[in-house]
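Here's the structure, in structure tokens; my notes come after.
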Amino acid sequence: MAPWVLHVDLDQFLAAVEVLRRPELRGRPVIVGGDGDPTKRGVVSTASYEARAYGVHSGQPLRTAARRCPDAVFLPVDRELYESVSARVMETLRGFGAVVEVLGWDEAFLAVDGDPEAVAAEIRARVHAATGLDCTVGIGENKLQAKIATGLGKPAGVFRLTGNTWFAVLGDRPTDALWGIGAKTAKRLKELEITTVRELATADPGALAERFGPATGPWLVRLARGLDGSPVSDAPHVPRSRGRETTFQQDLDDWENVRREVSRLARRVADDVADDGGKVARVIVKVRYAPFTTRTHGSTLAAPTTALDRIEEAALTALGRFSGGRPVRLLGVRAEFARPRPVTGA
């Protein structure tokens, strides 16, 4: 493994791409999400820094974003455009001759030798020359350190985080400052009187194993110590699941309509699975009740399959575990693949 890991993250990617397409929007709050109509149900995909100053963030309902930032420009998601720009960025990164692990449209890891700051500066220059976009580069001795360093370097900067500086920078920060720890895990840690990265790093792995499980407990301690042995890999991404979901502009009050929509989503997912080449072992159904309470239930198949009727049947079985009678605003169906799966597109 190369001595340095760099994490490249394109700043406010979707909004920045839209501003490049519409230069007159520069400096204005821009919100990308749904079909661009904030009076409809949908969520924010990306908000520009100007919009974030008003408390707008990814995953937030568009209607909430409109209330917080009424003067914002709302734009629809344009997947084809973003995929095209992302492809140019990743091709630029591969031009460095390093191993590149793509994480999504707007971020990737690189394993590099030499002066990491010099490489980071060159990455920022080449990406801007190729696309007009700014990016932030985090530098670390592993992927965990590099990923967190990127957040500390935003916007449009370079930041190095290593084992030597780990606790000086992060020691007194809350545990959810760590990549991989969310609000729910942080809350459970707080119940154990563990609130900072330093406290988690000095916690007893055995005690955490009893609370979080034999794998997760010790992993949380390693995370807090800045340890990560996962290599940067350019192996083709193998998805673990395929899913579809729909947000309804009008709540579904009739549970028979809910069943019909779940069947429809399950058939679409089955079509996706057939194209992907994997076999489904479990089907998960997500129901978001009005106004915004989300629940999930799953159904495990007797044997992995790609059969449409089996996937649909499993989705309806999972749906049967919900309590009906409440208005539904969103439905989702996700098919989880059996392991191991063949790598496609290699």
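For the range 247-281, give me each residue that is of a type in the set (A, V, I, L, M) and within 25 Å of PHE337 (Cβ to Cβ). The answer is VAL262, LEU265, ALA266, VAL269, ALA270, VAL273, ALA274, VAL280, ALA281. Out of the range 215-255, which residues are over 22 Å from the mean Cα position of the chain (by Cα), open to solvent by 60 Å² or more (accessible area, probe 1.4 Å) and over 30 Å from VAL169 (Cβ atoms)? Listed by number, the residues that qualify are GLN249, GLN250, ASP253, ASP254. Looking only at residues in the range 292-339 that are in a strand (DSSP E or B) and among the small types (Gly, Ala, Ser), the one that is most open to solvent (accessible area, probe 1.4 Å) is ALA302. Residue pairs, Cβ under 7 Å, 6 or more apart or interchain, first in the range 151-167 and surrounded by 14 or more Cβ atoms within 10 Å (Cβ to Cβ), second among the basic types (Lys, Arg). List them. Taking only residues 6 or more apart or on different chains, the pairs are PHE167/ARG198.
Counting the residues of the range 215-249 that are of a type in the set (Asp, Glu) and in a loop (DSSP other than H, G, I, E, B) gives 2. Look at the range 193-207: where a residue is touching a residue at least 24 places away in the same chain (Cβ under 8 Å) and a partner is surrounded by 13 or more Cβ atoms within 10 Å (Cβ to Cβ) and part of a loop (DSSP other than H, G, I, E, B), sitting 6+ places away or on another chain with Cβ atoms under 6 Å, you get THR196/ASP172; VAL197/GLY171; VAL197/ARG173; ARG198/GLY171; LEU200/ILE194; ALA201/ARG225.
Screening GLU261 with (1) more than 20 Å from GLY34 (Cβ to Cβ); (2) outside any strand (DSSP E or B) gives one miss only, at (1). Scanning the range 1-12 for residues that are open to solvent by 10 Å² or more (accessible area, probe 1.4 Å) and not in a loop (DSSP other than H, G, I, E, B), we see that the one that is farthest from GLY104 (Cα to Cα) is TRP4. For the range 203-214, what are the residues that are surrounded by fewer than 13 Cβ atoms within 10 Å (Cβ to Cβ) and not in a helix (DSSP H, G or I)? Answer for the range 203-214, where residues must be surrounded by fewer than 13 Cβ atoms within 10 Å (Cβ to Cβ) and not in a helix (DSSP H, G or I): ASP204, GLY213, PRO214. If the condition is being open to solvent by 50 Å² or more (accessible area, probe 1.4 Å), under 15 Å from PRO239 (Cβ atoms) and either assigned to a helix (DSSP H, G or I) or modelled with pLDDT under 95 (or both), then the range 272-291 contributes ALA274, ASP275, LYS279. Residues in the range 123-144 that are within 18 Å of the chain's Cα centre (by Cα) and assigned to a helix (DSSP H, G or I) were compared, and the one that is surrounded by the most Cβ atoms within 10 Å (Cβ to Cβ) is LEU144.
In the range 16-44, the residues that are at pLDDT 95 or above and of a type in the set (D, E, K, R) form Cβ pairs under 6 Å with partners that are open to solvent by less than 60 Å² (accessible area, probe 1.4 Å) and not in a strand (DSSP E or B), at six or more places apart or across chains, as follows: ARG26/VAL19.
The values are calculated or read from the model by the stated rules, or taken from the named source; none is laboratory data. Owing to the predicted nature of the structure, the values given are computational and were not obtained by experimental measurement. Counting neighbours? That spans all protein chains shown, and the Cβs are built from the backbone with ideal geometry, glycine included. All accessible areas refer to the heavy atoms of the entire protein, side chains included, with ligands and DNA or RNA removed. Shrake-Rupley method; radii C 1.70, N 1.55, O 1.52, S 1.80 Å.
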